[in-house]
Amino acid sequence: MRQKIVAGNWKMNTSFQEAQALTSELMGMAGDEVRGDVKIIIFPPFPYLYSLKAQLGTNARIEVGAQNCSEHAAGAYTGEVSAGMLKSMGIQNVIIGHSERRQYFSETGPLLAQKIDGALANGLKPIYCCGEPLEEREAATHEELVKTQIEEGLFHLNAEAMKKIVIAYEPVWAIGTGKTATTDQAQEMHLVIRKHLASKFGNETAALVPILYGGSVKADNARELFACADVDGGLVGGASLKSRDFIEIIKSA
Ligand code: PEP
């Protein structure tokens, strides 16, 4: 059985006070309404991580993650945050290779492979993002592109390390646009990814890797997306900033 996961990527949103309020609403609602077998992860901005982790205390229902980490372990890299720093604060998860980092911060496959290694070396669970821009989908080159993204970021791992990875398939044309992939499009790409993993790591490993869908997931489309055979939950941006919407999405998993 693959782990079902619903993760909220807050991006560069919320004041500290809003982040505290959102966390406290989620704690209450998750405890009362959500089944225990769905893993919930919130990805707040870096400066709030430690405080929100403390606010969650021993609440095991909600994990905390960082939206990025440096490829370096330590040193003169002003403004950067390392995987080891995250680990030292008790952070369990990290998003690597989000399309906004690829697009706005020029993050490339080899760099992302280094970040994956740093995260794993520090015991963090990476959510590795992949997904095609609209032009690639229109040119019908999206499968090849996503396979290349998977190869670049993950194919240097061995099967044991691969079992520690979560993948998020996020078509760029669906992120923050209100345009969601159809269930057929999502299932098709998740299967492409799983088969590609199987070709490298074997069927047993590929069957264990959770593959999340991301791209304008909302309370009213989550259920049908999460019902797809190879969709194991979601990475949610905008809708994770409203506690009621996020909880309804989690309940759909
Ligand atoms: C995301 O940022 O990963 C995302 C999927 O955003 P949204 O849900 O807003 O499309």
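The values are calculated or read from the model by the stated rules, or taken from the named source; none is laboratory data. Just so you know, these numbers come straight off a predicted model, no measurement behind them. So basically every Cβ, Gly included, is an ideal-geometry build from the backbone, and we count neighbours across all protein chains shown. We work out accessible area using only protein heavy atoms, side chains counted, and drop any ligands, DNA or RNA first. Shrake-Rupley method; radii C 1.70, N 1.55, O 1.52, S 1.80 Å.
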So, with points 7 Å from each Cα along the Cβ direction, the E33-E224 label distance in nm works out to 2.2
If you place +1 on the Cβ of every Lys and Arg and -1 on the Cβ of every Asp and Glu, how big does the dipole about the Cα centre of region 58-154 come out, in debye to the nearest 20? 580
With the 8 Å Cα cutoff and a minimum separation of six or more residues, region 1-119 has a relative contact order in percent of 23
Integer Hz, Karplus 6.51/-1.76/1.60 couplings in order for region 181-193, x for Gly and Pro: 4, 5, 4, 5, 5, 5, 4, 4, 6, 5, 5, 4, 5
Spread of Cα-to-Cα distances over 5 Å intervals beginning at zero, given as percent, for region 5-252: 1, 6, 15, 19, 21, 18, 13, 6, 2, 0
What number, rounded to the nearest 500 deg cm²/dmol, is the helix-based mean residue ellipticity at 222 nm of the chain, given -39500 (n - 2.57) per DSSP H run of at least four residues and division by all its residues? -13000 deg cm²/dmol
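Calculate the dipole size of the chain relative to its Cα centre from +1 charges on Lys and Arg beta carbons and -1 charges on Asp and Glu beta carbons; express the result in debye to the nearest 20. Mind dumping the intermediate values first?
Numbers: 25 positive and 30 negative charges, 136 e Å.
Once rounded to the nearest 20, the dipole reads 660 debye.
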Given a 1.4 angstrom probe, I'd like the percentage of the accessible area of region 29-164 that is carbon and sulfur, rounded to a whole number. 53
Amide H contacts of V236 (H built 1.01 Å from N, under 5 Å, at least 5 apart or other chain): A7, G8, N9
Can you give me the Kirkwood hydrodynamic radius for region 86-228, using every pair of distinct Cα atoms, in Å to one decimal? 15.5
Quick check: Cα centre of region 149-170 to Cα centre of region 1-31, how many Å? 25
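Suppose R0 equals 30 Å. What FRET efficiency, 1/(1 + (r/R0)^6) with r the Cβ-Cβ distance, do H156 and T78 give to the nearest 0.05? Present the calculation step by step, with values, prior to reporting the outcome.
On the way: r = 28 Å, r/R0 = 0.95.
For R0 = 30 Å, the calculated efficiency reads 0.60.
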Charges at C-beta only: +1 for Lys and Arg, -1 for Asp and Glu. How large is the resulting dipole of region 118-253 about its Cα centre, in Debye rounded to 20? 560
In whole Hz and in residue order, list the ³J(HN,Hα) couplings for region 171-178 that follow from phi through the Karplus curve 6.51 cos²θ - 1.76 cosθ + 1.60, θ = phi - 60°; x for Gly and Pro. x, 4, 5, 9, 7, x, 9, x
Give the long-range amide H neighbours of V94: residues separated by 5 or more places, or on another chain, with amide H under 5 Å away, using H modelled in the peptide plane at 1.01 Å from N. A66, K125, I127
Long-range amide H contacts for K4: which residues qualify at under 5 Å (H placed 1.01 Å from N, peptide plane, sequence gap of 5 or more or a different chain)? K39
Whole-Hz Karplus ³J(HN,Hα) for region 127-142, in order, using 6.51 cos²θ - 1.76 cosθ + 1.60 and θ = phi - 60°, x for Gly and Pro? 9, 8, 9, 9, x, 9, x, 4, 4, 5, 5, 5, 8, 6, 10, 5
